1. If you scan region 3-19, which residues turn out to be without any contact (Cβ under 8 Å) to a residue 24 or more places away in the chain and closer than 11 Å to Ser128 by Cα?
2. What are the pairs with Cβ atoms under 8 angstrom where one residue, in region 41-64, is outside any helix (DSSP H, G or I) and the other, located anywhere, is among the small types (Gly, Ala, Ser) and buried (at least 19 other Cβ atoms within 10 Å of the Cβ)? Sequence gap at least six, or different chains.
3. Of the residues Ile94, Ile101, which is modelled with pLDDT of 65 or more, assigned to a loop (DSSP other than H, G, I, E, B) and out of contact with any strand residue (DSSP E or B) (no Cβ under 7 Å at 6 or more places or on another chain)?
4. Suppose the filter is under 14 Å from Asp132 (Cα atoms) and either open to solvent by less than 30 Å² (accessible area, probe 1.4 Å) or touching a strand residue (DSSP E or B) at 6+ places or on another chain (Cβ under 6 Å) (or both); does Glu203 pass it?
5. Among the residues in region 117-124, are any open to solvent by 20 Å² or more (accessible area, probe 1.4 Å) and hydrophobic (A, V, I, L, M, F, W, C)?
6. Can you tell me which residue in region 10-35 is farthest from Ile123 (Cα to Cα), limited to those that are open to solvent by 20 Å² or more (accessible area, probe 1.4 Å) and either of a type in the set (Gly, Ala, Ser) or part of a strand (DSSP E or B) (or both)?
7. Give region 130-160 a look and list any residue that's touching a strand residue (DSSP E or B) at 6+ places or on another chain (Cβ under 8 Å) and not in a loop (DSSP other than H, G, I, E, B), or say none.
8. Which residue is modelled with the lowest pLDDT, if the candidates are limited to region 161-184 and must be open to solvent by 70 Å² or more (accessible area, probe 1.4 Å) and either outside any loop (DSSP other than H, G, I, E, B) or in contact with a helix residue (DSSP H, G or I) (Cβ under 8 Å, 6 or more places away or on another chain) (or both)?
Amino acid sequence: MIPDLFSIGPFTLHSFGLMIALALILSAYFLSLDLAGRGRDPVLAWELAVAAGVGGFVGARVDYLIQNGGGGVFSSTGLVWYGGVVGGALAVWIVSAWRKIPIGVVANMMAPALALGYAIGRIGCQLSGDGDYGSASSLPWAMSYPDGEVPTTELVHPTPIYETTAMLVVFYVLWRMRGRFDRPWALFGLWCIFAGVERFLIEFIRRNDDVALGLTTAQLISVGLVILGAALLWTRSGRSRPTA
């Protein structure tokens, strides 16, 4: 594990922070390509990326503090993904309203970027060993995190690697299908289903506690995400009719 890459005086570059920055940059890049293809201003991609990054970090940190309490507000550990989704979504909605672009259109454009950003962000979790690893495992690729920010010497499932792999596949699928699901909210609905299923399954080998029906909090939220995605696809899927 490499939680800290290097230090220059009081400044320390954390691997987690670097991956988050890389996630935002690459997500914004692909989003700018999509915007250009739609005849929109590619600069909007960077505005949305900054909004999603700031709002996502604040939301993820606030969610963690609400659930656990304590800890520094600007710590690189203690981030809850679903809180990040809510915070990022609110920030993106504000930018969309300011730019006068329907939020359903923006949601579609951001769906592939969400998958890509999540995949790269999990690389940061793997490098920092921030506690997102899974339960004990005897599989050949099981590993320990003795030097992580949340260390363990036990061999466990490297779930950040699993999630990075899965969400890179999701990104590829969404990127290729963005022309087929171009009605507002449709492609975003597909992302909801993929993201919900991925997180629901990975939770079976994570270390989170069950809260109801034998499921973790993340799994219950994932079920809601899949239902939302299915509802959006049911009402919005298909190609838009060409305008005269």
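1. Asp4, Leu5, listed by residue number.
2. Pro42/Ser32
3. Sole residue among the options that is modelled with pLDDT of 65 or more, assigned to a loop (DSSP other than H, G, I, E, B) and out of contact with any strand residue (DSSP E or B) (no Cβ under 7 Å at 6 or more places or on another chain): Ile101.
4. Spelling it out, Glu203 is indeed under 14 Å from Asp132 (Cα atoms) and either open to solvent by less than 30 Å² (accessible area, probe 1.4 Å) or touching a strand residue (DSSP E or B) at 6+ places or on another chain (Cβ under 6 Å) (or both).
5. The answer is yes, given that some residue of region 117-124 is open to solvent by 20 Å² or more (accessible area, probe 1.4 Å) and hydrophobic (A, V, I, L, M, F, W, C).
6. Only one residue tops the list, namely Phe11.
7. Of everything in region 130-160, those that are touching a strand residue (DSSP E or B) at 6+ places or on another chain (Cβ under 8 Å) and not in a loop (DSSP other than H, G, I, E, B) turn out to be Gly134, Ala136, Met143, Ser144, Tyr145, Thr152, Thr153, Glu154, Leu155, Val156, Thr159.
8. Arg183
The values are calculated or read from the model by the stated rules, or taken from the named source; none is laboratory data. Model, not experiment: these values are computed from the prediction. Positions of Cβ are backbone-derived with ideal geometry, glycine not excepted, and every protein chain shown enters the neighbour counts. Side chains included, ligands, DNA and RNA excluded: accessible areas come from the protein's heavy atoms. Shrake-Rupley method; radii C 1.70, N 1.55, O 1.52, S 1.80 Å.
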